[in-house]
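Below is one structure; the comments refer to it alone.
The values are calculated or read from the model by the stated rules, or taken from the named source; none is laboratory data. Keep in mind the model is a prediction, meaning the values are calculated, not measured. Cβ placement follows ideal geometry from the backbone for every residue including glycine, while neighbour counts extend to all protein chains displayed. Side chains included, ligands, DNA and RNA excluded: accessible areas come from the protein's heavy atoms. Shrake-Rupley method; radii C 1.70, N 1.55, O 1.52, S 1.80 Å.
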Amino acid sequence: MVEFTQKDFYNIDDLIDIVRLLRSEGGCPWDREQTHKSIKSDFIEEVCEAIEAIDLEDTELLKEELGDVLLQVVFHCRIEEEQDSFTFSDICNGICKKLIVRHPHVFGDTIVSSTDDVLKNWDSIKMETKGQESYTDTLNSVAKSLPSLMRAQKVGKRAMRAGMDFKSADDALACIGSEKAELDEAIASGDKDRIEEEIGDLLFSCVNAARHLGIDAELALKAATDKFILRFSKTEELVSMDSLNMKELSIDELDVYWDKAKRLIKSNGGN
């Protein structure tokens, strides 16, 4: 057993110390074995669970999930601290300096009149501090590990700030039709690589259209997926109520149940 004094209330220093003890020789074998790569998926999972707590508007759950996210930060930091790379204080120092530099209208003499001014300053300061010499550099800096819809949306926004964008939502929507026509041609050709390329272009166009309409493409697809699952569940329920098996029905027969499921869900105030 490691030497540790238990308390009624702990703070960030205690968390840092607990993780240090877990990674120590007398600590936990599992914790000692972990590396950045071995637990990187855990980081993603914890952030997603925090987002779900936000969506649920569950304050207690959010408090818990933010704690799990913070644990991930401290854990990764501890791995580097063991290599004498950096400490948690270095992380705090870095983010504080970044916030101060990127908010000259708060911590300096810069005057802004709108949120747009704030964002323009933020982008120019970010390019300078990160050594980005071109707008292409800003696009390439968008993390490739982001979900594809989120990455496409962010790339589109940065291209927009360079002046490369549709004039209006109507133009963005028209591009969807154009890309759909190119996809039809690719499908007719039977060229799988070309089909994949054109489907990608079509999806990217949809993301741009969503952005122009003020819609978050990632959230829109999430909602659509949730809606599909709800309708699928109700469809399966209706099929089961008739003592039938979904796999044994034709798609036309399933469509009848699907339409009925949609009507029932809408009648109950759903989508």
query = Do the conditions hold for ILE199, that is, is it among the β-branched types (Val, Ile, Thr), part of a helix (DSSP H, G or I) and over 28 Å from GLY270 (Cβ atoms)?
reply = yes
task = Count, please, the residues in region 15-38 that happen to be within 14 Å of HIS76 (Cα to Cα), in a loop (DSSP other than H, G, I, E, B) and open to solvent by 50 Å² or more (accessible area, probe 1.4 Å).
result = 4
key: Every pair of residues 6+ apart whose Cβ atoms lie under 6 Å, when the first sits in region 1-24 and is of a type in the set (A, V, I, L, M) while the second is assigned to a helix (DSSP H, G or I)   = VAL2/LEU21; LEU15/VAL74; ILE16/VAL74; ILE16/PHE88; VAL19/VAL74; VAL19/PHE75; VAL19/ARG78; LEU22/ASP31
request  = Determine if region 225-233 includes at least one residue that is of a type in the set (Asp, Glu) and part of a helix (DSSP H, G or I).
outcome  = yes
request  = Scan region 161-186 residue by residue and report those that are in contact (Cβ under 8 Å) with a residue 40 or more places away in the chain and of a type in the set (Ser, Thr, Tyr).
outcome  = SER168
key: Pairs with Cβ under 8 Å, 6+ apart, first in region 83-98 and in a helix (DSSP H, G or I), second open to solvent by 70 Å² or more (accessible area, probe 1.4 Å)   = LYS98/THR129
query = Across region 115-160, what is the total count of residues that are of a type in the set (S, T, N, Q), without any contact (Cβ under 8 Å) to a residue 12 or more places away in the chain and open to solvent by less than 50 Å² (accessible area, probe 1.4 Å)?
reply = 2
message = Tell me whether region 50-58 contains one or more residues that are closer than 18 Å to ARG20 by Cα, open to solvent by 60 Å² or more (accessible area, probe 1.4 Å) and outside any helix (DSSP H, G or I).
response = no
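Give the residue, chosen from GLU218, GLU253, that is in contact (Cβ under 8 Å) with a residue 60 or more places away in the chain and either surrounded by 12 or more Cβ atoms within 10 Å (Cβ to Cβ) or within 29 Å of the chain's Cα centre (by Cα) (or both). Quick ask: steps written out before the conclusion?
Details: GLU253 fails: in contact (Cβ under 8 Å) with a residue 60 or more places away in the chain.
One residue alone meets the criteria, GLU218.
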